[in-house]
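The values are calculated or read from the model by the stated rules, or taken from the named source; none is laboratory data. Fair warning: this is a prediction, and the values are worked out from it, not measured in the lab. Note that we place each Cβ from the backbone using ideal geometry, even for glycine, and neighbour counts take in every protein chain shown.
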Amino acid sequence: MSLQKEISKRRTFGIISHPDAGKTTLTEKLLLFGGAIQEAGAVKSNKIKKGATSDFMEIERQRGISVATSVLAFNYKNKKINILDTPGHKDFAEDTFRTLTAVDSVIVVIDVAKGVEEQTEKLVEVCRMRNIPMIVFINKLDREGKDAFDLLDEVEQKLGLKVTPLSFPIGMGYDFKGIYNIWEKNINLFSGDSRKNIEETIAFDDAENPELENIIGESHADSLRENLELAYEVYPNFDRDAYLKGELQPVFFGSALNNFGVRELLDCFIDLAPSPRAKESDTRLVNPNEEAFSGFVFKIHANMDPKHRDRLAFIKIVSGTFERNKPYLHVRNNKKLKFSSPNAFFAEKKEIVDISYAGDIVGLHDTGNFKIGDTLTQGEIMRFKGIPSFSPEHFRYINNADPMKSKQLEKGIDQLMDEGVAQLFTLELNGRKIIGTVGALQYEVIQYRLEHEYGAKCTYENFPVYKACWVEADDPKNEEYSEFLRVKQKFLAKDKKGQLVFLADSHFSIDMTKQKYPSVKLHYVSEYK
Ligand code: GDP
């Protein structure tokens, strides 16, 4: 098959949600449709359960699961679907942000009763910044929840989206009758008895048809017609171009647990969702259909077995094909590397493959060559953009607790930071190291892993920082910048890439600094250019 055909078959996406909205359940139903799994309950949740904070075996077990579910791939109606797992736990939000740099679109799952929740807001904001096409799935319609119009309103207000419903619920909770599919123009009845089976479709192609009363009863028929009329009036017609630009988000309703509305979502998804998109590098826009291979590392997973120090680097293929045993250029190291056992992912297995295409993810065994964000090419010197670090929420000094093991500690910290577990800042004044994380859980993970994988011991000490701001000087030679460097010396550090960071202790201090040194720009994101 031609390169172009293979690539246009691919749909690489992520499912994002606040924990418990139904992401795992939906993923599982999608896999059922793809025939990738045979029964419900086969997909393990990679949720870090409450109380797991102090249970490191549990964390390790979860890490194992999260490798298995990092990429779930299957074929459906002649499309190759790649679902990239995005951890819902907020302490792992950075992981999710990075994974979102490798998806071509997303599905946002929202709980009908809880509406838009905190984690959804943050993740959608990241997608919005990147204009990633999004489809919204409102889940758990078999339960009592908010009114459909109120929810659509909430999605627009809180998530800053512009929506249009492509399906509409008939009743809700105990009175849930089914869904009118605006996209396919038919009705799908919910039957409480077939809960465990894949839904049986009873299609009905015209809401004006007087038969409707016989099927869902008079009052439901009336309210459905009213709702549809209002929906057509209030919301714009669906426009695929607007969706692809990230300017319009179609909304579906359903119940993942009951496998209801999931087929509609999937069928519509494969029609609408984009095949692999072009990606910007520092020199040019790279098109997926180009013959020459290029890709970038968006995730690194350390081996679970401390005796084998190798890691699995996850590469999103941006263009061309990735072939086994062919030499590729590691641009940052300016080194050619060959991979004899690249992994591709199928449902929950990984297998060695000879060839993968743009849009696919390959897992490469790595002994320490890769960092998050690294670019691989067939020889061209360029770097893909778009894996920024955000300011961490927590900051602590890290101290060596075993002076005999300082080399091990250094190596461990280095590798864990390359994996993107946390961010390292080195104070300009005295060279002390500060670890910044999104959640407090990471400190325990780091301490545990340093000890078990590197044989090093560490302790932490509080360092009161409000936010890390990446510093950009309008003119590095001017008087104002020199004064800034002198006055703020105690609060300046370098990140892992050697970029200058101002560790501000309060919001007030950021405001004052901006006022006093207007030519010094402070950014909350590392990649600001
Ligand atoms: P995740 O944290 O987003 O991955 O959520 P899960 O898929 O683990 O679902 C959280 C809980 O919601 C589980 O107990 C599911 O069984 C339940 N759930 C998921 N979908 C539905 C649904 O459509 N209806 C109902 N009633 N419960 C659901």
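Below are the figures for this structure:
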| quantity | calculated |
| --- | --- |
| The stretch 219-248 residues that are buried (at least 17 other Cβ atoms within 10 Å of the Cβ), paired with ones that are in a helix (DSSP H, G or I) (beta carbon under 6 Å, 6 or more apart) | Ala221/Leu212; Ala221/Glu213; Leu248/Ala242 |
| Odd one out for Val106 among (1) in contact (Cβ under 8 Å) with a residue 60 or more places away in the chain; (2) touching an Asp or Glu at 6+ places or on another chain (Cβ under 8 Å); (3) surrounded by 21 or more Cβ atoms within 10 Å (Cβ to Cβ); (4) among the aliphatic types (A, V, I, L, M) | (2) |
| Matching residues, the stretch 237-269, being away from the ligand (no atom under 16 Å from the Cβ) and in a helix (DSSP H, G or I) | Arg240, Asp241, Ala242, Tyr243, Leu244, Asp267, Cys268, Phe269 |
| Some residue of the stretch 270-279 being assigned to a loop (DSSP other than H, G, I, E, B) and within 16 Å of the ligand (Cβ to nearest atom) | no |
| Of residues in the stretch 1-34 being within 8 Å of the ligand (Cβ to nearest atom), of a type in the set (Gly, Ala, Ser) and part of a loop (DSSP other than H, G, I, E, B), the one nearest to Cys268 (Cα to Cα) | Gly22 |
| One residue from Lys162, Lys185, Lys177 being of a type outside the set (A, V, I, L, M) and within 26 Å of Lys122 (Cα to Cα) | Lys162 |
| Given (1) surrounded by 17 or more Cβ atoms within 10 Å (Cβ to Cβ); (2) touching a Leu at 6+ places or on another chain (Cβ under 7 Å); (3) under 11 Å from Ala358 (Cβ atoms), index of the condition Pro288 fails | (2) |
| Pick from the stretch 331-381, criterion free of Cβ contacts under 8 Å to residues at least 60 places away in the same chain and acidic (Asp, Glu), ranking: surrounded by the fewest Cβ atoms within 10 Å (Cβ to Cβ) | Glu351 |
| In the stretch 76-117, the residues that are assigned to a loop (DSSP other than H, G, I, E, B), among the charged types (D, E, K, R) and farther than 20 Å from Pro250 by Cα | Lys77, Asp85 |
| Pick from the stretch 242-266, criterion of a type in the set (D, E, K, R) and in contact with a helix residue (DSSP H, G or I) (Cβ under 9 Å, 6 or more places away or on another chain), ranking: nearest to Trp183 (Cα to Cα) | Arg263 |
| Search result, residues across the stretch 247-261 that are more than 23 Å from Pro236 (Cα to Cα) and either among the β-branched types (Val, Ile, Thr) or touching a strand residue (DSSP E or B) at 6+ places or on another chain (Cβ under 9 Å) (or both) | Ser255, Ala256, Leu257, Phe260 |
| Test for Leu141: is it under 27 Å from the mean Cα position of the chain (by Cα), surrounded by 13 or more Cβ atoms within 10 Å (Cβ to Cβ) and modelled with pLDDT under 95 | yes |
| Checklist (1) at pLDDT below 95; (2) in a strand (DSSP E or B); (3) closer than 18 Å to Asp418 by Cβ applied to Lys350, failing item | (3) |
| Flag for Gly217 being at positive phi and touching a strand residue (DSSP E or B) at 6+ places or on another chain (Cβ under 9 Å) | no |
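Here is a yes/no grid of residues against (1) assigned to a helix (DSSP H, G or I); (2) under 24 Å from the mean Cα position of the chain (by Cα); (3) buried (at least 21 other Cβ atoms within 10 Å of the Cβ):
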site	(1), (2), (3)
Leu424	no, yes, no
Asn430	no, no, no
Gly439	no, yes, no
Val445	yes, yes, yes
Tyr448	yes, no, no
Ala456	no, no, yes
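Matching residues to (1) more than 21 Å from Leu84 (Cα to Cα); (2) hydrophobic (A, V, I, L, M, F, W, C):
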residue	(1), (2)
Phe253	yes, yes
Leu265	no, yes
Cys268	no, yes
Pro274	no, no
Arg277	no, no
Asp282	yes, no
Pro288	no, no
Glu291	yes, no
